[in-house]
Amino acid sequence: MRRCVFGAALLTALAPASGQTITTQPFVSGLSRPVGFVQIPNDPAAQVILQQGGVAALVVNGVLSGAFIDLTPEIVNSSGERGLLGLAFPSNYGDPAGGACNDCFYVYHTDQTGTSRIARYRHMPGNPRAGDPGTRELLFSITQPFENHNAGHMAFGPDGMLWIASGDGGLANDPSENAQNIDSRLGKILRIDVSSAPGFTPAPGNPFADLPQQAVPGDDLVWSYGWRNPWKFSFDTGACGTGAFIAGDVGQDAREEIDYEPAGVPGGRNYGWDCVEGDIPVFTDVGCDPADPTLTGPLHVVRQPIAQSITGGYVYRGAEIPALRGQYVFGDFVTGGAWRLELALDQAGEASVVSATPITNEIGGVSIAAFGRDAAGELYVIDYFGGAVRKIVRVGPRSDLNGDGAVNGVDITFVLSDWLDAECGPSDLNNDGIVNGADITFILSEWTG
């Protein structure tokens, strides 16, 4: 029996891993420089779209519904890579029984000086669909030496901690060696515990956090280092999700990369910049060994100019596109390219790429600033210059497993080949983690003969 094989990499020859076609359909338009899509917890109909200038737009049932919060006065300058860059909700947000700080959310933005600010806000009394700018609590700041490489994505992990992406501070070749400096918060993934408001603490398990009466080198908030400009990360959650952390790290002039970290591994991984760029040495660097065996190499690289500014995405764990389930979807901001990766896991949970398939014609061709994931696990593409969000959808019936345009006995054959198999692959049509009679019932409900 095959159990939750990531990306359906070990499917039999019968499995229709590429039998279904995907495309996109309009979700919402009329946006100004959108850079993020965040699902509001405990409210499946509502999402927040981050606009770089400072307004986080509220979308309800696919309709723009005003501002969730307007932080324009805090930002002032949103040129280049600055502006409103990240927003995250804890899982208890808006839940009346959610306990302490169930009205709190968190924002990453740059201010008028270019300094990065990480702040806590609360929603309006009784209204989780409206943030209150007057409740601002600054948690900490990061001084940015240059205008670019601000990163800014933030999200709560399966561990309940708030994870934050920080770029290396800008220019080329990381001139101040920030990414390799564990005492700097630049070029890092940071991880904090915000469960006790006001304030915050370093997250438990952070590798450089000071222990009682023991000084530990490195900044207490750092989880991992050696990042150039990690533009969008996600966690593999949902049915058969592994909990892994996956990020896109923007390259300099040769490689764009995707990095993978299994859930539960200790912190302190060094992802290599600026010793390496993707899978090649950076020869201009001084005092760093590209052959250091302790460096964590990328899961996948795309050579420039095929990609020029990577945008990290998500592992698809939704129900509507069975053939895409378990695959990692990502894109590129400059070229509009898009890809899906089928992955296999070893016994330690580390991933390797089984296949990398371009899907630019299906979902790309636009300035992909971000991907989004809704409450059902369905994915969205955020088009920066087009000011729009498009939903990734399946072409044809869900039960048409081989993509021949009909739902018939051939599709039942696929289900029978995977019977009682908890792989969460294409034959698990209702996405409950097991292939059984319920999936045949689903086929019969769409039967064309």
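Since only A388, G349, I359 are under comparison, the one whose Cα sits farthest along the positive direction of the charge dipole of region 310-449, derived from C-beta charges on Lys, Arg, Asp and Glu, is A388. Region 321-335 and region 193-207 have Cα centres spaced 32 Å apart. Peptides 174-182, 187-195 ranked from most to least packed give 187-195, 174-182, packing being the mean of other C-beta atoms within 10 angstrom over each peptide's residues. If a/c stays under 1.5 just call it rounded; otherwise compare a/b with b/c (prolate if a/b is bigger, oblate if not). Do that for region 159-229, with a ≥ b ≥ c from the square roots of the Cα gyration tensor eigenvalues. Verdict is oblate for region 159-229. Across region 25-393, Cα pairs under 8 Å and at least six residues apart give a relative contact order of 13 percent.
Given Cβ point charges of +1 (Lys, Arg) and -1 (Asp, Glu) and nothing else, what value in debye, to the nearest 20, does the dipole of region 25-393 about its Cα centre take? Write down the numbers at each step before the final one.
Values: 21 positive and 41 negative charges, 214 e Å.
Charge dipole of region 25-393: 1020 debye, to the nearest 20.
Ranked for footprinting exposure by Cβ neighbours inside 10 Å, fewest first, E257, E74, E446, E342 give E446, E74, E342, E257.
Cβ neighbours within 10 Å, averaged per peptide: list 321-329, 364-372 in order, most packed at the top.
My ranking of the peptides, most packed first, is 321-329, 364-372.
Throughout, read-outs are computed from the coordinates displayed, never taken from laboratory work. Not measured: the values here are computed from a predicted model. Here the Cβ is made from the backbone with ideal geometry for all residues, glycine too, and neighbour counts use every protein chain on show.
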